[in-house]
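Everything on this sheet refers to the single structure shown next.
The values are calculated or read from the model by the stated rules, or taken from the named source; none is laboratory data. Source: prediction; values computed, not measured. Here Cβ is always computed from backbone atoms with ideal geometry, including for glycine, and neighbour counts include all displayed protein chains. The accessibility values were calculated without ligands, DNA or RNA, using every heavy atom of the protein model including side chains. Shrake-Rupley method; radii C 1.70, N 1.55, O 1.52, S 1.80 Å.
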Amino acid sequence: MAHEHVTVAEEEYLQMLFWLFEANLPMTGANLARAMQLSAPTVHEMIGRLERDGYITRARDKSISFTDEGRRQAEEVTSRHRLIERFLTDVVGVPWDEVHEEAERLEHAMTPRFEAYVRASVADATTCPHGHPIKVGERAAGVPLADCEVGARVFVLRLENEAEDVLHYLMAHGVEPGLEGTVAASDDDHVTIAAADGGDRTITRIVAETVTVRADPSPPLRTAIPAEQLVMGDRYGR
């Protein structure tokens, strides 16, 4: 039976599980530990707590599934996080490469009254500054930039890995949601976009794995983030 009030720690885990779910990555304790940079015993303990509180179930193969209440809580905290990010960027003026960590600090304490103010302030915004849908379930299909062939027209949809160091890197190299251009070069180390607004944007291939684009021609769809990219921020390094 789910508790009436989900705890902050449970919200953090549910949000990370939902990130795995959205990215079509297996919802397992191992992936959760890798993403959150926590020890396996620490994660195992919280998974047991989430199961006891009625937010998840575990299969014999150790895969995790949301209960209806767990899915509702995960969607709510994820949507709230993205809404705050948009508010902090558009209204407060926090740079989009710094806003993820700030939103993490605010999302658990936002009152319904403040949430209504935030929603009114961002008007018709549909995504967070990193391209993820505020209304979860409306995630646009895309492919990793790293998969696109030279000559493909691309439009950056979202940045899958919101670790602050990755966001700093992408901002410094001029890659953000809404960027349009053509893949000008691609090799084992780097991918270059010749942007429609002028100039080239070159990033490492490992970061290009985490940049989701709409492409023409499009490579086959696949999971956006490889296992080595399952790290979502230094704040989990405890």
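Values for this structure:
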read-out: Loop-resident sites, the range 140-213, for trypsin sites (Lys or Arg not before Pro), counting at most 15 other Cβ within 10 Å (DSSP); value: none
read-out: Cα Rg, Dmax (largest Cα-Cα span) when computed across the range 143-216, Å; value: 10.6, 30
read-out: The chain: angle of helix 112-122 to the longest principal axis, Cα-based, in degrees nearest 10; value: 10 degrees
read-out: Pairwise Cα inverse-distance average, inverted: Kirkwood Rh of the chain (Å); value: 18.6 Å
read-out: Of VAL136, VAL213, VAL92, the one that fluctuates the most in a GNM where the chain has Cα springs shorter than 10 Å; value: VAL92
read-out: The chain, accessible surface, carbon-and-sulfur percent (1.4 angstrom probe); value: 51 percent
read-out: Within a Gaussian network of the chain (alpha carbon springs, distance under 10 Å), most fluctuating of ALA152, ALA109, ALA215; value: ALA109
read-out: Per residue, in Å², the accessible surface of the chain once ligands and nucleic acids are set aside, probe 1.4 Å; value: 48 Å²
read-out: Gyration tensor (alpha-carbon) shape descriptor, the range 38-164, a/c threshold 1.5; value: oblate
